[in-house]
Amino acid sequence: MSAALRILAPGLLTTVQDLGRPGYQSLGIPVSGGLDPVSLRAANALVGNNQDAGALEVAYVGPTIAVEADDVRLSFVGAQAAIDILPDAAATTGERIATMRSIRVRRGEVIRIGSLSGGAVLYVAVEGGFDIPPVLGSVSTYLRGGFGGWQGRALVAGDRLPLRRSAASARDECRIEGLDLRAPARVRAIAGPQKDYFSENEIASFFAGQYTVCAGSDRMGMRLQGRRVDHARGYNITSDGIAAGSIQVPGNGQPIILLADRQTTGGYPKIATVISADLPALGRLPMGATIAFEQVTVEAAQALRRDLFAEIERIGEKIVPIGHAATDMAPMLLDHNLISGVVDAHNWTL
Amino acid sequence: MPDYRVLNAGDTAIVVEFGESIDRRLSTWVLALARRLDEARLDGLVETVPTFRSLLVHYDPLILPTASLAARIAELMQGLPVTEQGGRLWRLPACYDPSLGLDLADVAARTGLSPAQVIERHCAVTYYVYMLGFLPGQAYMGDVPAELALARRESPRLKIPAGSLAIAGAMTCIFPLETPCGWHLIGRSPVALWERGPRPRALLAPGDQVGFAPVSLREYERLLVKAADGTLEIFPMDEAVEAAA
């Protein structure tokens with residue numbers, strides 16, 4: 001039988017995601033893709049994949065997965081979680097392993113990922129990637145539209161995800177050091193595009209306020225609760241386009257930040273837009289987290305975007321074999337094809 | 001040259017806004033600019049999203065600086081066509097049976113018309129597709145006759161079936177997927193505006209013109225079976241509609 005990962009328990013919401021499906025928003029198709037593309041890229045890099053390969057995005061509660069291949073190399077990057085490698089599906093205890101590393105798991109063994117802490121998402125990448133046909137150029141799952149990823153939906157028990165490789169390559173396991181996944185003190189945003197729907201005072205209060213990420217948040221939008229934002233000119237606008245990170249303010253005055261599965265157009269005024277460099281950190285903020293904003297200029301945001309992509313290009317340098325120090329590793333890593341030479345600018349879909 | 005303003009939607013998108021209302025003239029400019037920008041194939045331009053009254057332009061500022069993009073847009077505004085470019089003309093089957101058009105009686109009561117008059121008014125118009133959005137392939141079509149224009153329902157339904165034909169304000173839509181919805185349901189169409197499968201596609205495009213052909217419940221059910229088999233093929237009436245100035 002072909003190599004696969006079998007889902008024994010799906011977790012809360014486990015989906016296949018890559019860097020998304022840009023280019024079809026004019027047809028009403030959201031971009032989708034990983035909520036935290038930095039962790040997704042790092043997970044792929046740890047198993048030697050291209051950074052834009054599809055991986056599992058685990059939200060809040062992890063899945064239990066059985067290996068149906070000679071062996072597979074997996075990596076785990078993102079939120080903290082208790083991850084156990086069990087000898088078989090009947091076992092209740094096994095070897096506890098850390099996140100931020102790769103590991104080889106053998107046929108019949110089971111990977112059990114518990115509840116996440118310190119973040120909303122964890123990425124599980126597999127060496128060689130999943131053998132799933134892309135839809136419109138991407139394997140990202142678009143839940144509402146019911147396409148992409150694995151059968152257009154979140155994973156359920158019994159799913160069998162086919163793998164490209166039937167066995168892991170022979171190499172040392174690695175970990176990633178110094179990848180900064182801390183929650184930002186303040187999420188930076190640019191005022192507008194509908195800032196003329198709010199008074200100057202109201203915009204200043206919004207940037208001075210503090211909000212809580214509340215229940216009902218999902219891959220489409222992060223619902224915030226806090227000081228009510230009042231509209232100066234009503235809360236209906238003639239629908240216009242929605243950018244990633246748009247902060248719309250519906251009639252109840254509680255802002256919603258639009259994320260990866262956001263609708264392409266909408267009719268609520270948008271008071272501000274989270275900058276592209278802060279979207280990965282935003283995507284990993286769990287429900288219950290507090291969030292405060294800082295207003296920045298477009299120029300500052302674009303400089304921060306440049307910094308983020310410089311950091312992304314250095315992901316390969318942060319990967320070190322387990323049991324070695326992080327010095328003079330580059331030649332060895334190049335041997336193992338862990339550092340890809342070039343980052344394709346057109347994949348910079350943050 | 002049309003009046004417009006450029007608004008920042010974060011650091012990787014700008015809104016080119018021609019106005020704030022739903023207006024065929026604004027739509028013509030939006031679609032013309034979208035076409036010109038797409039043809040210009042600027043390095044660093046990711047995609048454009050036309051809406052009723054503005055064009056959202058997604059770009060990568062590390063490749064295409066904001067100022068260069070704005071300057072290029074200013075150039076493209078020169079001599080922007082003010083007449084509609086020919087879209088395709090469609091005639092889509094629609095069933096207005098009260099078992100599908102759950103709000104037909106309510107719409108009749110609110111507008112002071114009979115249900116038959118509501119249907120007659122709704123399908124007397126050839127609608128213009130302003131934009132696609134909200135759901136894959138969902139076309140916003142206008143303008144609904146003023147006597148049928150109603151605000152959205154006070155309490156939206158949590159779920160309406162795919163294919164629902166509905167009205168709200170000056171717009172009519174066929175909802176391509178099951179979705180929550182606050183619009184008034186007046187019927188259903190068997191036509192999939194969004195085709196699933198390995199090569200998904202949207203049937204309609206902005207600038208197209210759409211008329212509705214009323215069909216009986218029996219005919220609707222027959223067409224629905226064909227649609228499920230993948231044998232319901234819908235073609236435009238002709239290649240291009242002559243531009244209406």
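Values quoted throughout were computed directly from the atomic coordinates according to the rules given, and no laboratory measurement underlies them. Computed from a prediction, not measured in an experiment: that's the story for all the values here. Counting neighbours? That spans all protein chains shown, and the Cβs are built from the backbone with ideal geometry, glycine included.
So what's the back-of-envelope 222 nm ellipticity for chain B, counting only DSSP H runs of four-plus at -39500 (n - 2.57) apiece and dividing by all residues, rounded to 500?
On the way: 5 runs with 58 residues, N = 245.
Helix contribution divided over all residues of chain B: -7500 deg cm²/dmol.
Build a GNM of chain A with springs between Cα atoms under 10 Å apart, and of A:277, A:42, A:185 the one that fluctuates most is A:185.
Report the net charge of residues surrounding residue A:32, where surrounding means a beta-carbon distance below 15 angstrom and charges are Lys +1, Arg +1, Asp -1, Glu -1. So the surrounding residues net to -2. Within a straight-line Cα-Cα reach of under 23 Å, residue A:270 can be paired with the following lysines, leaving aside sequence neighbours fewer than 8 residues apart in one chain: A:195. Relative contact order of chain A, taken over Cα pairs closer than 8 Å and 6 or more residues apart, is 20 percent.
Rounded, prolate or oblate for the range A:108-192? Axes are the square roots of the Cα gyration tensor eigenvalues, ordered a ≥ b ≥ c, and the cut-off for rounded is a/c under 1.5. Kindly include the intermediate steps, with their values, before the conclusion.
Details: a/c = 1.84, a/b = 1.21, b/c = 1.52.
Verdict is oblate for the range A:108-192.
The GNM of chain A, with springs linking C-alpha atoms under 10 angstrom apart, assigns the highest mean-square fluctuation among A:18, A:218, A:240 to A:240. Taking Cβ atoms as reference points and 13 Å as the exclusive limit, the residues near residue B:194 contribute a net charge of +2, counting Lys and Arg as +1 and Asp and Glu as -1.
Packing, taken as the mean count of other beta carbons within 10 Å per residue, orders the peptides B:37-44, A:160-167 from highest to lowest as A:160-167, B:37-44.
Once the Cβ-Cβ distance of residue A:183 and residue A:8 is raised to the sixth power relative to R0 = 41 Å, the FRET efficiency obtained is 0.85. Against the main long axis of the alpha-carbon atoms of chain A, helix A:37-46 sits at an angle near 10°. Inter-chain neighbour count for A:240-253: the average number of beta-carbon atoms from partner chains within 10 Å of each residue's beta-carbon is 5. Within straight-line reach of residue B:226, meaning a Cα separation under 28 Å, sit the following lysines at least 8 residues removed in sequence or on another chain: B:159.
Efficiency by 1/(1 + (r/R0)^6): what FRET value for residue B:216 and residue B:154, r their Cβ-Cβ distance, R0 = 41 Å, to the nearest 0.05? Could the numbers behind the result be given before it?
Values: r = 32 Å, r/R0 = 0.78.
According to the calculation, E is roughly 0.80.
Other protein chain C-beta atoms within 10 Å of residue C-beta, averaged over B:128-137: 6.
With respect to chain A, whose longest principal axis is taken over its alpha-carbon atoms, helix A:298-313 is tilted by about 0°. Take each residue in A:271-283, count the other chain C-beta atoms within 10 Å of its C-beta, and the mean is 2.
Rounded, prolate or oblate: which fits the range B:89-229 when a ≥ b ≥ c are the square roots of the eigenvalues of the alpha-carbon gyration tensor, with rounded for a/c under 1.5 and prolate only if a/b beats b/c?
Values: a/c = 1.45, a/b = 1.33, b/c = 1.09.
Taking the square roots of the gyration eigenvalues as a ≥ b ≥ c, the range B:89-229 is rounded.
Rounded, prolate or oblate: which fits the range A:187-305, taking a ≥ b ≥ c as square roots of the Cα gyration tensor eigenvalues, rounded meaning a/c under 1.5, else prolate when a/b beats b/c? Rounded, since a/c falls under 1.5.
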